[in-house]
Amino acid sequence: MSDRRGQVSWEHVPEPYRAKVIESIRLPSKAEREARLREAGYNPFYLKSQDIYVDLLTDSGTGAMSDAQWAALMLGDETYAGSRSYDVFERTVRDITGYEHVVPVHQGRAGEHLVMESLVKPGDIVLSNTLFDTTRTHVEQRGGLPVDLLADIAWDYDHPHPFKGNFDLDKLRAALEHHRGRVAAVVATVVNNLAYASPVSLDNMRSVRELARRFGVPVYIDAARFAENAWLVTQRQDDQRGRPVADVAREFFSLADGCWMSAKKDGLVNIGGFVAVSDEHLADECRQRLVLYEGFPTYGGLAGRDLQALSVGLREGLESDYLRHRTAQVEYLHDGLRDAGVTVCTPPGGSGVYVDVAALYPHLSPEDNPGITVTADLYLQGGVRMSAGVFELTTVNPATGNLVKRDFSCARLALPRRVYGRAHLDHVIGTMRKVLDGAGGAPAYKRVSSPRVLAHFFARYEPVPPGTGSRHSVP
Ligand code: F0G
């Protein structure tokens, strides 16, 4: 595989671990796959685990824990209040982030809920490079408006910029000036999940901090994949090469007032998360809500054993051997798909590989739900599950600060951590090759049922001839 940017390719990065426990998987027959997909209403979220061969739906909570993490489970102190496990967890999070106040939650969106209820009031704006969909929905539920400030090149799959996850600083300045008094917070999502998991540079983060400070606006980090971001900074930012990843991560945190984290990603656990902030008042507000929604502040929706496993996982997630392999694995999949002729976001980022579905199916319009076409095709051809979504973002015109709407679609093959090997990835690449071969004859999909919020999790579809799909129609 390629050796661009002077990185060692994955061919030279064998797994820095070996298997101690295994979980069987099987490839169902083509007839079974067709039946299961039809039963699932062509929505990959309705497929069942036992019917999937390689599951790249998400990298969230799907990783494998280490022996040290399994051993740590046994140390769990399940005391309701004042658990020892909380003390271990608090020390770890303080050490990694530098924030004084640590509030455990069961997963990222619970943290978003606590923070947004404290920060956002109706009419407020939350500025970000790009908010994840649950985060944006939490802002909207408070009557606020999420505004995403990516640079336009971020949407270009082929643009070689190493930090496509960055804030566009002109847009940020324009938004802060134009909407002065309404901006509740600036949020940096690292890596930037919806923007093809592209990283944010340290320089960009420093400028964001500086601008936000000038306007008196607090900065928070959505830290779900903070370790992958810090690692990519050490690989791509010349003045950061060779710097310990934990130091880079710590500097990112020092440029914000707090963070929330879905620890199901870089925390290397199957469930868990936290809010960590420097402001005692905000921490108190979060803790009061925590008791209502999650649990007492020394366990917050988790068992003591979860806190122990997470304390180990957060440190393992910063190890350079692990991160080198992880990002090289993403790169291997990226290179394999690109070499097969699929347009993927370049350069690859953290959690997975993002496919340009419009390029894959030029005969389908956005109304035809081509994201559903690719997820269905990939499952039918090889039992591989991926995800796709369409999002309506609000951004700003950098010249005027005026708000502008834009649609954007995103189809992702996310890699679970420490789960699949190279032969699995070769199977995915081979399957995608078949998808590409048959792409010209692929159907459109019509939405036949849908809920009010976060529709892509729950909608059902049926195949229809190209040109007759209808993204929003529901009988
Ligand atoms: N922030 C980011 C950047 C995320 O990617 C996610 C989840 C969350 C917050 C919410 O965290 O799931 O623990 O409640 N992303 C998953 C994904 C679901 O597949 O990308 P959660």
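The values are calculated or read from the model by the stated rules, or taken from the named source; none is laboratory data. Keep in mind it's a predicted model, so treat the numbers as computed, not measured. Here the Cβ is made from the backbone with ideal geometry for all residues, glycine too, and neighbour counts use every protein chain on show.
Selection of the stretch 251-268 for residues being within 8 Å of the ligand (Cβ to nearest atom) and not in a strand (DSSP E or B) yields ALA263, LYS264, LYS265. Counting only helices (runs of 4 or more DSSP H) that sit completely within the stretch 64-160, those holding 2 or more residues that are modelled with pLDDT under 95 and surrounded by fewer than 20 Cβ atoms within 10 Å (Cβ to Cβ) correspond to 133-141. Note on the stretch 156-168: among residues that are of a type outside the set (Gly, Ala, Ser) and within 16 Å of the ligand (Cβ to nearest atom), the one that is farthest from CYS345 (Cα to Cα) is PHE167. Quick one: count up the residues across the stretch 121-155 that are away from the ligand (no atom under 12 Å from the Cβ), in contact (Cβ under 8 Å) with a residue 60 or more places away in the chain and within 16 Å of ASP222 (Cα to Cα). Qualifying residue count for the region: 7.
Out of the residues in the stretch 72-108 meeting the condition of being among the polar types (S, T, N, Q) and either in contact with a helix residue (DSSP H, G or I) (Cβ under 9 Å, 6 or more places away or on another chain) or more than 13 Å from ASP306 (Cα to Cα) (or both), tell me which one is nearest to the ligand (Cβ to nearest atom). Result: THR97. Looking only at residues in the stretch 287-322 that are without any contact (Cβ under 8 Å) to a residue 60 or more places away in the chain and under 16 Å from VAL115 (Cβ atoms), the one that is surrounded by the fewest Cβ atoms within 10 Å (Cβ to Cβ) is LEU292.
Going through the stretch 391-409 one residue at a time, which ones are under 22 Å from THR134 (Cα atoms) and either surrounded by 21 or more Cβ atoms within 10 Å (Cβ to Cβ) or more than 15 Å from the chain's Cα centre (by Cα) (or both)?
Of everything in the stretch 391-409, those that are under 22 Å from THR134 (Cα atoms) and either surrounded by 21 or more Cβ atoms within 10 Å (Cβ to Cβ) or more than 15 Å from the chain's Cα centre (by Cα) (or both) turn out to be GLU392, LEU393, THR394, THR395, VAL396, LEU403, VAL404, LYS405, ARG406, ASP407, PHE408.
Of the residues that make up the stretch 230-250, is at least one within 16 Å of the ligand (Cβ to nearest atom) and of a type in the set (Asp, Glu)? No, the stretch 230-250 contains no residue that is within 16 Å of the ligand (Cβ to nearest atom) and of a type in the set (Asp, Glu). Yes or no: the stretch 443-458 includes at least one residue that is modelled with pLDDT of 95 or more, under 28 Å from THR62 (Cβ atoms) and charged (D, E, K, R). The answer is no, given that none of the residues of the stretch 443-458 is modelled with pLDDT of 95 or more, under 28 Å from THR62 (Cβ atoms) and charged (D, E, K, R).
Looking only at the stretch 269-292, filter to residues that are within 11 Å of the ligand (Cβ to nearest atom) and among the small types (Gly, Ala, Ser); which one of those is farthest from PHE226 (Cα to Cα)? Here the residue is GLY272.
Contact annotation: residue pairs with Cβ atoms under 6 Å, 6 or more positions apart or on different chains, pairing a residue in the stretch 89-107 that is within 12 Å of PHE253 (Cβ to Cβ) with a partner that is of a type in the set (A, V, I, L, M), are VAL93/VAL102; VAL93/ALA276; ILE96/LEU314; THR97/ALA276; TYR99/ALA276; TYR99/VAL277.
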